[in-house]
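**Student:** Please see the structure below; I have some questions.
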Amino acid sequence: MLTVFIRTIILYLVSVLAIRLMGKRQVGQLQPYEFVLALMIAELAAAPMENIGTPLLYGIVPILGLMILHGLSTLLSVKCTGFRRILSGGPSVIIRKGEIQYDEMRRLCYTTTDLLEELRAQGFLNAADICTAILETNGKLSAFPYANKRPLTPEDQGIKVSYEGIPMTLVVDGRIQKEHLKMTGLSQDWLTDQLNAIGCRDAKQILLASLDTKGQLLIQEKGGKMHLIDALEEEAVNW
């Protein structure tokens with residue numbers, strides 16, 4: 001029993017490593033060859049788990065071989081457009097200038113029901129509002145409404161907006177994110193002063209503290225109390 005447990009842990013770690021090397025994608029975002037690779041990895045890992053008589057290397061070596069093949073395929077896809085099109089296919093226009101391309105949908109085995117479902121998932125109830133829709137190589141639909149159907153933007157209204165970047169998490173689950181502090185150019189003493197200002201003596205009491213590019217510091221205590229502090233001038237933000 002202990003042997004089975006150890007073999008399972010080893011195969012699990014190898015499989016996780018293999019999937020991680022494929023990049024940060026969800027299953028729905030995988031290219032066809034990557035999806036096939038994920039299925040094969042699962043099958044190869046399952047066999048040595050189920051049968052203790054199967055040598056462990058019979059699962060590990062093929063998985064490593066598949067990862068080498070994946071690396072070569074990715075490299076060739078980057079270097080050669082033709083190879084990438086053969087391996088992954090290309091995007092297809094499903095709606096062009098408001099007209100549904102039936103022949104293209106039939107070639108892709110993509111039904112009208114599939115199209116309407118994807119449009120609803122993106123917030124479009126009426127297909128007549130869509131000017132262009134493209135089926136990407138990973139199976140996702142990118143839909144673009146007519147210009148007069150899209151939401152107004154500040155640019156449309158002539159409004160100038162300030163820069164808005166990614167908020168920096170400075171404390172997560174009571175742990176100070178020193179690397180993020182360094183990226184913002186702030187010190188741990190500065191953070192301690194901000195926490196002391198709300199009566200918090202220890203970062204371990206903080207669930208989340210994040211600093212946005214407008215200079216506002218959000219502090220959420222583990223007890224449930226939230227604070228929003230204007231900690232920096234917007235001009236002082238430099239990330």
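The values are calculated or read from the model by the stated rules, or taken from the named source; none is laboratory data. It should be emphasised that the depicted structure is a prediction, and the values quoted were computed from it without experimental measurement. In this analysis, Cβ positions are derived from the backbone assuming ideal geometry, glycine residues included, and neighbour counts consider all displayed protein chains.
**Student:** If the requirement is being over 18 Å from LEU232 (Cβ atoms), assigned to a loop (DSSP other than H, G, I, E, B) and among the basic types (Lys, Arg), which of these qualifies: LYS214, LYS204, LYS160?
**Tutor:** LYS160
**Student:** Can we say ILE60 is in a helix (DSSP H, G or I), at pLDDT 85 or above and surrounded by 12 or more Cβ atoms within 10 Å (Cβ to Cβ)? Please lay out each step first, then the result.
**Tutor:** Values: in a helix (DSSP H, G or I): yes; at pLDDT 85 or above: yes; surrounded by 12 or more Cβ atoms within 10 Å (Cβ to Cβ): yes.
For ILE60, the condition - in a helix (DSSP H, G or I), at pLDDT 85 or above and surrounded by 12 or more Cβ atoms within 10 Å (Cβ to Cβ) - is met.
**Student:** For region 94-129, which residues satisfy the criterion of being of a type in the set (A, V, I, L, M, F, W, C), outside any helix (DSSP H, G or I) and loosely packed, with under 14 Cβ neighbours inside 10 Å?
**Tutor:** CYS109, LEU125
**Student:** Sticking with this structure for a sec: Among the candidates GLY165, GLY139, single out the residue that is within 30 Å of GLY224 (Cα to Cα) and either in a loop (DSSP other than H, G, I, E, B) or in contact (Cβ under 8 Å) with a residue 40 or more places away in the chain (or both).
**Tutor:** GLY165
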